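Have a look at the structure below, then the notes.
The values are calculated or read from the model by the stated rules, or taken from the named source; none is laboratory data. All figures in this text were calculated on a predicted structure; none of them were measured in a lab. FYI the Cβ positions are ideal-geometry reconstructions off the backbone, even for glycines, and counts take in every protein chain you see.
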Amino acid sequence: MNKIINKEHFSEKVFKLEIEAPLIARSRKAGHFVIVRVGEKGERMPLTIAGADLNKGTITLVVQEVGLSSTKLCNLEVGEYITDVVGPLGQATHIENFGTVVCAGGGVGIAPLLPIVQALKAAGNKVITVLAGRTKELIILEKEMRESSDEVIIMTDDGSYGNKGVVTVGVEEVLLREKVDKCFTIGPAVMMKFVSLLTKKYEVPTEASLNTIMVDGTGMCGACRVTVGGKTKFVCVDGPEFDAHQVDFDGMIKRMSAFKDAEKEEIKKLGSPKCEITKSQHAEDRTAPWREELRKSMKAKERTDISRVHMNELDPEYRSHNREEVNQGLTMEQAQQEAKRCLDCVNPGCITGCPVEINIPKFIKNIERGEVLEAARTLKETSALPAVCGRVCPQEKQCESKCIYVQKMNKEAVAIGHLERFAADFERESGQISVPDLDESNGIKIAVIGSGPSGLSFAGDMAKLGYDVTVFEALHEIGGVLKYGIPEFRLPNNIVDVEINNLEKMGVAFEKDCIVGKTITVEELKEKGFKGFYVASGAGLPNFMNIPGENSLNILSSNEYLTRVNLMDAANPESDTPVAFGKNVAVIGGGNTAMDSVRTAKRLGAERAMIIYRRSEEEMPARLEEVKHAKEEGIEFLTLHNPIEYIADERGFVKQVVLQKMELGEPDASGRRSPVAIPGATETIDIDLAIVSVGVSPNPIVPSSIKGLETGRKGTINVNDEMESSIPMIFAGGDIVRGGATVILAMGDGRKAAAAMDQKFKNK
């Protein structure tokens, strides 16, 4: 896959590449694009598909050497492989018999225009094509265009071929002589802007293709946002084609230049039913001779007199300048001492507080007696990601909140999360990683869409039950939000990789760079023999506040910022992906993602890193530990403040944010007190980078691709109590159902769905 089959040199810096990609070739339509990546440190780059050959299973890309990533791609030769090719992405071009259509293409924009021209001609239109380039050498695919056009007009800046002049001269020539019903334009942003201004004058509806800067290409990060008709749109999901007369081209052009300086520097371098632990199960485990002996070894009073252990942490000043993991884990002595605090309750509330229902007393008591590997095996009975959950789960709101120490004694809970992490880490470091017991294979193929915590949890449980499980992931790394969203100072990637490798040992297969709904459809997967589906595609579409100036340069979503830094390693000088570095950084929001973003900014050199949150600290949804760590690292908290406007400098980069001061009113539906603006109380502060972390919406790609799938008002998939959608044998969970959830809640959905799907197969 992704092998370069043919390479044609159009001009000095323009190449046509034919690439082996049978799934994309089969699914692609006019207007679709792909995301390509060259090298493990490569940047994700959008390229419109210029053509496809179903018989050969190839797609055609036309690439111009402009920056580092495109140059690396063009340097590849026939027989070499592109690291990642993901697609098809975007909305297909709407084709109908409009009448007379003008298609205006400039430079390499001619290539993606070709399939549109072909489709328009096939639909019965009169097609007049205007091709433009600086010189004759930049006029590409002329022969192919003439085969599908009624007329082709050539324009060159220097007059070396065709007519002298820019593309608008050729377009206006047509508009003056006959009625035109529709116009399509693809090329440099400036070119499309002036074509749009021209056609607006003549009242000709016009579509422009906007392949702007992108990071993920699936609607997750918000890097490709543009303003269309006064509203923020995302090119990768809503486009790439839009009503050109509604597009804010000036704003788009500014955003496309955001990383120009960084690109120049890089080029220089080149130029070189619930599945649950029943009461009877727990009772049986609790009466095991070793458990009874352990309980008798200490009096309850002795256990409750032990103070909760506190995990060692890196020094705040030291850690705020690097990406080393903050929490250092427990020693064996600390872990066993903490395990002694557990009273091994007859009716353990902690289990009820755990969304995946880990047998918590059993694994803790195994730590107490020194059988840590057995503790790890206990964790894996119900959790696919124990080392992850031990690090990022909000235990204080879940299992630990139900601990008898909290409920009855007004004391600190047993450190369940710390102990979970200890057991998982001990097993990994021992080299004796266990694989859960697996049922005999039943041969039933199951597809999981998305490799985040919900998808991985579902996959693990289904593999245990004997199913043939394949996980389809849109990105080039497995792990979803665990990889792109959570920084390594909280969750090192190698920890996630070990958990994923364990799933592979269980027989789970992983397909990267595959977007279900684009690369391959659910119907096509059914044809390949898949009988059950679990949609865990996440809620990666970032929300913005839609306030004045929000599309200024250096205003990013937290998804984009963290994806650049975490997934693409953008802060590494060896990485091709750029990232904005700020000295005065404002992060808008009060959740865990906001804390991750502001602490990341601090590590990337911010002198002043601020959390701006419209409620008080008490209402912050972030974990208490994350708030504590942020404060220790010098993060400022501007609570009861809300951005109402951004102010940009003459280059379009943000320089200030205007904050509305707030006060708390009555509680809202969630129980948190609603913030109310204090009339006339505003404050303006200097910033050079803003990161917006005000929530996410469900990614629409998968739900919109499944006919008959019922969705909610906000685009979430509707499911019943067993996590099954409106379509039998299509289940869903995690953020695509909840709209936003913790890692452990998403995993709980996966376990619940797996149990329910298994039951349905057994009842057939």
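Mind checking which residues of the range 390-418 are polar (S, T, N, Q) and buried (at least 18 other Cβ atoms within 10 Å of the Cβ)?
Hits for the range 390-418 are 395, 398.
Suppose we filter the range 143-175 for residues that are among the basic types (Lys, Arg) and more than 12 Å from residue 130 (Cα to Cα); how many remain?
2
Hey, among the residues in the range 37-62 that are under 26 Å from the mean Cα position of the chain (by Cα) and assigned to a strand (DSSP E or B), which one's nearest to residue 512 (Cα to Cα)?
In this case the residue turns out to be 37.
Identify all residues within the range 1-23 that are under 15 Å from residue 80 (Cβ atoms) and of a type in the set (Gly, Ala, Ser); write none if there are none.
Selection gives 21 alone.
Can you name the condition, by its number, that residue 391 falls short on among (1) under 19 Å from residue 622 (Cα atoms); (2) of a type in the set (Lys, Arg); (3) over 26 Å from the mean Cα position of the chain (by Cα)?
(3)
Being hydroxyl-bearing (Ser, Thr, Tyr) and part of a loop (DSSP other than H, G, I, E, B) is the filter here; which residues of the range 687-737 pass it?
The answer is 693, 716, 725, 726.
Yes or no: the range 4-12 includes at least one residue that is part of a loop (DSSP other than H, G, I, E, B), over 26 Å from the mean Cα position of the chain (by Cα) and among the basic types (Lys, Arg).
Within the range 4-12, none of the residues are part of a loop (DSSP other than H, G, I, E, B), over 26 Å from the mean Cα position of the chain (by Cα) and among the basic types (Lys, Arg).
Kindly provide the set of residues from the range 535-556 that are under 30 Å from residue 751 (Cβ atoms) and among the polar types (S, T, N, Q), ordered by number.
537, 543
Being polar (S, T, N, Q) and over 12 Å from residue 110 (Cβ atoms) is the filter here, so list the residues in the range 127-148 that pass it.
The answer is 135, 148.
Select, from 509, 463, 474, the only residue that is within 24 Å of residue 86 (Cα to Cα), surrounded by 18 or more Cβ atoms within 10 Å (Cβ to Cβ) and among the small types (Gly, Ala, Ser).
One residue alone meets the criteria, 474.
Those residues that are hydroxyl-bearing (Ser, Thr, Tyr) and surrounded by fewer than 10 Cβ atoms within 10 Å (Cβ to Cβ), I need them from the range 663-680; list them, please.
670
Scan 557, 552 and give me the residue that is within 24 Å of residue 650 (Cβ to Cβ), polar (S, T, N, Q) and not assigned by TED's automatic domain parsing to the domain that holds residue 516.
552
For the condition outside any helix (DSSP H, G or I) and over 19 Å from residue 235 (Cβ atoms), what is the one hit in 571, 594, 601?
571 is the lone residue from the list that is outside any helix (DSSP H, G or I) and over 19 Å from residue 235 (Cβ atoms).
Select, from 565, 585, the only residue that is over 19 Å from residue 327 (Cα atoms), at pLDDT 95 or above and either out of contact with any Asp or Glu (no Cβ under 7 Å at 6 or more places or on another chain) or part of a helix (DSSP H, G or I) (or both).
585 is the lone residue from the list that is over 19 Å from residue 327 (Cα atoms), at pLDDT 95 or above and either out of contact with any Asp or Glu (no Cβ under 7 Å at 6 or more places or on another chain) or part of a helix (DSSP H, G or I) (or both).
How many residues does the range 735-764 hold that are touching a strand residue (DSSP E or B) at 6+ places or on another chain (Cβ under 9 Å), more than 15 Å from residue 462 (Cβ to Cβ) and buried (at least 23 other Cβ atoms within 10 Å of the Cβ)?
Going through the range 735-764 one residue at a time, the tally reaches 3.
In the range 164-181, which residue that is acidic (Asp, Glu) and not in a helix (DSSP H, G or I) is modelled with the lowest pLDDT?
178
Listed residues 625, 618, 560; which is buried (at least 22 other Cβ atoms within 10 Å of the Cβ) and assigned to a helix (DSSP H, G or I)?
Answer to the selection: 560.
Would you please name the residue that is surrounded by the most Cβ atoms within 10 Å (Cβ to Cβ), looking only at residues in the range 206-246 that are among the hydroxyl-bearing types (Ser, Thr, Tyr) and outside any strand (DSSP E or B)?
218
Do you know which residues across the range 116-140 are crowded, with 23+ Cβ neighbours inside 10 Å and either closer than 19 Å to residue 32 by Cα or modelled with pLDDT under 90 (or both)?
Scanning the range 116-140 gives 116, 117, 120, 133, 138, 139, 140.
Within the range 199-207, is even one residue within 21 Å of residue 91 (Cβ to Cβ), in contact with a strand residue (DSSP E or B) (Cβ under 9 Å, 6 or more places away or on another chain) and acidic (Asp, Glu)?
Scanning the range 199-207, I find at least one residue that is within 21 Å of residue 91 (Cβ to Cβ), in contact with a strand residue (DSSP E or B) (Cβ under 9 Å, 6 or more places away or on another chain) and acidic (Asp, Glu), so the answer is yes.
Restricting attention to the range 384-417, which residues are more than 23 Å from residue 346 (Cβ to Cβ) and assigned to a loop (DSSP other than H, G, I, E, B)?
Of everything in the range 384-417, those that are more than 23 Å from residue 346 (Cβ to Cβ) and assigned to a loop (DSSP other than H, G, I, E, B) turn out to be 384, 385, 393, 394.
Among the candidates 439, 497, which residue alone is closer than 25 Å to residue 565 by Cα and outside the structural domain of residue 740 (by TED's automatic domain parsing)?
Sole residue among the options that is closer than 25 Å to residue 565 by Cα and outside the structural domain of residue 740 (by TED's automatic domain parsing): 497.
For residue 24, state whether it is closer than 24 Å to residue 511 by Cα, at pLDDT 90 or above and part of a strand (DSSP E or B).
No: the conditions fail for residue 24.
Filter the range 629-668 down to the residues that are among the polar types (S, T, N, Q) and either touching a Lys or Arg at 6+ places or on another chain (Cβ under 8 Å) or farther than 21 Å from residue 548 by Cβ (or both) and list them by number.
639, 642 - these are the residues of the range 629-668 that are among the polar types (S, T, N, Q) and either touching a Lys or Arg at 6+ places or on another chain (Cβ under 8 Å) or farther than 21 Å from residue 548 by Cβ (or both).
Test each condition in (1) in the same structural domain as residue 145 (by TED's automatic domain parsing); (2) modelled with pLDDT of 90 or more; (3) within 24 Å of residue 198 (Cβ to Cβ) for residue 108 and report the one that comes out false.
Exception for residue 108: condition (2).
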